[in-house]
Structure formats: structure tokens, C-alpha cells
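Please read the structure below before turning to the comments.
The values are calculated or read from the model by the stated rules, or taken from the named source; none is laboratory data. Treat the numbers as computed from the prediction; the structure is a model and nothing was measured. Every residue, glycine among them, receives a Cβ derived from its backbone with ideal geometry; neighbour counts consider all protein chains shown. With ligands, DNA and RNA removed, areas are computed over all heavy atoms of the protein, side chains included. Shrake-Rupley method; radii C 1.70, N 1.55, O 1.52, S 1.80 Å.
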Amino acid sequence: TSEMAATRAITQADFHRIAVLVLAVIFTMIFILLRDAILSAFIVAATCVSYLATLGLAYWLVALAGQPGLDWKVEVFLFVVMVAVGVDYSIFLAARVSQEARTLAVRPAVANAVIHTGPVISSCGLIMAATLGSLMAGQLKLFVQLGLAMSLGMMIDTFVIRPLLLPAFITLVKRTGRIPRFLE
């Protein structure tokens with residue numbers, strides 16, 4: 001209907017403004033914590049890549065299932081959840097790397113951080129993927145698609161971004177951040 005088309009257009013315009021604002025605020029918060037603009041920018045960028053990869057994979061899987069595409073609301077809800085959870089996982093890892101780097105070289109600091117945060121991040125990611133994936137048990141197409149997309153996103157974030165992409169970036173560019181001692 002024309003009402004739904006207008007709602008979709010307004011939602012898309014609002015989504016773009018909200019996404020820019022959210023990413024700017026998150027970058028600022030990570031920068032305050034880590035005091036490293038390059039590492040902070042990478043964490044935000046990696047989260048965006050994870051979101052876009054998830055969106056693309058979800059579109060592809062929905063098309064394979066014979067549906068015409070994702071419901072337009074999936075983009076917005078997926079972004080909110082992916083950014084909130086993805087950045088949290090990155091902060092856990094990056095803060096631990098920063099702490100380890102006080103006494104170790106970059107490579108062993110990253111290895112220790114992954115060893116110590118990996119099980120927690122992986123467990124949280126699996127729990128989030130299963131919980132969000134439970135939406136697929138519903139009958140509404142929106143819930144099924146949200147459950148699929150969000151569970152895929154949690155898996156990508158948990159098993160690609162955090163254990164591979166972020167540690168590789170930190171190791172290659174040797175940016176560990178400098179978390180203030182009073183925040184430990």
C-alpha cells in the first residue's frame with residue numbers, strides 16, 4: 001500500500017541517519033577506552049563488514065529458499081543487534097590485548113588475549129545465535145528472516161571477526177591501544 005511505501009521510505013532515511021550517529025558515538029566511546037584512533041576505526045569498520053556480510057548471506061539464503069528477498073525491516077533490526085553485540089565482543093578482546101601488551105610484545109599479547117577471551121566470546125556468541133535463531137520457529141516471515149539473519153551474524157562475528165580478523169589486524173599493524181589503568 002502507499003502507507004507501507006511511505007513508512008519504508010521514512011524508515012530507510014531514518015536508518016541512514018541513525019546508523020551514522022550510532023557508528024560515530026561507538027567510535028568515540030571505543031576511542032575513549034583504547035586511546036587509539038586507528039584501532040577504534042578498525043573495530044567499527046569490522047563490525048560494519050560483519051553486518052554487510054551477514055546481510056548479503058541472508059539475502060542469498062532467502063533467495064535460495066524461493067523467497068523474493070528480505071523484508072525491508074530486517075536491515076534495521078539486524079544493524080542494531082549486530083553493532084551492539086559485535087562491538088561488545090571486539091571491546092572485550094581489544095581491552096585484553098591492551099592489558100597484555102603492557103608486559104608482552106604484540107604477537108604474544110594477542111595470543112594471550114585470544115586464549116583468555118576466546119571461550120567467553122565464543123560461548124556468548126553461540127548463546128546469542130541460538131537465542132536469536134529461535135525466532136525462526138515463528139510463522140511470520142519477518143521473524144523467520146530476522147532469526148536467520150541474526151543467528152548468521154552472531155556466528156560470523158563470533159567465529160570470523162573476533163578470532164581471526166581483529167587479532168590479525170592488531171598483529172599486522174601493531175596497534176594495541178592504551179586502556180587507562182583506572183578502567184581495569
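Which of rounded, prolate, oblate describes the range 1-79, given a ≥ b ≥ c as roots of the alpha-carbon gyration tensor eigenvalues and a/c under 1.5 marking rounded, otherwise prolate only if a/b is larger than b/c? Numbers along the way, then the final one.
On the way: a/c = 5.06, a/b = 1.67, b/c = 3.02.
The shape class here is oblate.
Once you list every other residue whose beta carbon is under 14 Å from the beta carbon of Phe169, what net charge do they have if Lys and Arg are +1 and Asp and Glu are -1? Don't skip to the end; give the middle numbers.
Working: positive: Arg107, Arg162, Lys174, Arg175; negative: Asp36.
Local charge sum for Phe169: +3.
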Ignoring everything except DSSP H segments at least 4 long, calculate the 222 nm mean residue ellipticity for the chain; use -39,500 (n - 2.57) per segment, divide by total residues, nearest 500. -27000 deg cm²/dmol
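With a 1.4 Å probe and every protein chain kept in, tell me what percent of the accessible surface of the range 66-113 is carbon plus sulfur.
Numbers: 1220 of 1970 Å².
So the carbon and sulfur contribution to the accessible surface is 62 percent.
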Would you give the gap between the C-alpha center of the range 117-184 and the C-alpha center of the range 40-74, rounded to a whole Å? 14 Å
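Could you pull out the trypsin sites (Lys or Arg not before Pro) across the range 75-151 that fall in loop regions by DSSP (anything but H, G, I, E, B) with no more than 12 other Cβ atoms inside 10 Å? Intermediate values should be presented prior to the final figure.
Values: sites: Arg96, Arg102, Lys141; in loops: Arg102.
The qualifying sites are Arg102.
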Working note, the chain: Cα radius of gyration (Å, one decimal) and Dmax (Å, whole number) are 17.9, 62
Angle between the Cα long axis of helix 2-34 and the longest principal axis of the chain, 0 to 90 degrees, nearest 10? 0 degrees
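Taking the solvent-accessible surface of protein heavy atoms with a 1.4 Å probe, what is the per residue accessible area of the chain in Å²?
Using a 1.4 Å probe on heavy atoms only, each residue of the chain averages 52 Å².
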